[in-house]
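The values are calculated or read from the model by the stated rules, or taken from the named source; none is laboratory data. Model, not experiment: these values are computed from the prediction. FYI the Cβ positions are ideal-geometry reconstructions off the backbone, even for glycines, and counts take in every protein chain you see. To get the accessible areas, we keep the full protein, side chains included, count just its heavy atoms, and leave off ligands, DNA and RNA. Shrake-Rupley method; radii C 1.70, N 1.55, O 1.52, S 1.80 Å.
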Amino acid sequence: QDYERRTALGCYLLGLTDAGRVSDAVSATLKAAEAEDFELYLTLDVSSLTDSNAVSRLAQYCEGVLVTRSVDSLWEVFTAVANRAGRGDAALKLLDERMANPATGPESRARLQHHYLATLLAMDRVDDAAAFCREAIKTRKPDGSEFAYVSTQIPSRLAQLGRLLGRKDWVAEGVAAMLQADPNSS
């Protein structure tokens, strides 16, 4: 029942957003988030949105909630629509703020880094994405607080970017960082 209830809430909130009632959707989301351990299930194929007004309203809704509360499913949607709505830089700024927050744990930070990287790539800022990967690799804390999977995600993305773009140096950097993060992965 919990899944159905959360899915129904997601549909309701998307309906409010689509009807132009963005502030009502933000308020309802934040109210629901206060009442329980909150995660929202949004069933939405963002790539199928063709109406620029709908994309803009959806970005406004996500940003309105995410400014106050971090909700993983909304980060997924926000990073997918932010650039299309002209809010890519705002998404990056918000993600930067969340990642810099000392209360953000290593797993949450890793998820936020994934969204940050996705936003850069959606904005076609490939060199910035590679630089972000390198910086994330340099600044990670090898104190055992990250699971091996989490600690290899960013290096893996750098290697993938390098492979796609024919940048052997990025591939080598990414693979070396993956091996350093998880020596058992070879």
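The residue list ALA80, ALA90 contains one member that is in a helix (DSSP H, G or I) and open to solvent by less than 40 Å² (accessible area, probe 1.4 Å), which is ALA90.
Need pairs with beta-carbon distance below 6 Å; first residue within 22 Å of ARG98 (Cβ to Cβ) and in contact (Cβ under 8 Å) with a residue 40 or more places away in the chain and within the stretch 48-63, second among the hydroxyl-bearing types (Ser, Thr, Tyr) and surrounded by fewer than 16 Cβ atoms within 10 Å (Cβ to Cβ); sequence gap 6+ or separate chains. Once the first residue is within 22 Å of ARG98 (Cβ to Cβ) and in contact (Cβ under 8 Å) with a residue 40 or more places away in the chain and sits in the stretch 48-63, no partner that is among the hydroxyl-bearing types (Ser, Thr, Tyr) and surrounded by fewer than 16 Cβ atoms within 10 Å (Cβ to Cβ) comes close enough. If you go through the stretch 140-171 and keep only what is part of a helix (DSSP H, G or I), modelled with pLDDT of 80 or more and open to solvent by 60 Å² or more (accessible area, probe 1.4 Å), you end up with ARG157, GLN160, ARG163, LEU164, LEU165, LYS168, ASP169. Look at the stretch 107-136: where a residue is free of Cβ contacts under 8 Å to residues at least 12 places away in the same chain and open to solvent by 10 Å² or more (accessible area, probe 1.4 Å) and a partner is part of a helix (DSSP H, G or I) and hydroxyl-bearing (Ser, Thr, Tyr), sitting 6+ places away or on another chain with Cβ atoms under 9 Å, you get ARG125/THR119.
Residues in the stretch 93-106 that are assigned to a helix (DSSP H, G or I), open to solvent by less than 70 Å² (accessible area, probe 1.4 Å) and of a type outside the set (A, V, I, L, M) were compared, and the one that is farthest from MET178 (Cα to Cα) is ARG98.
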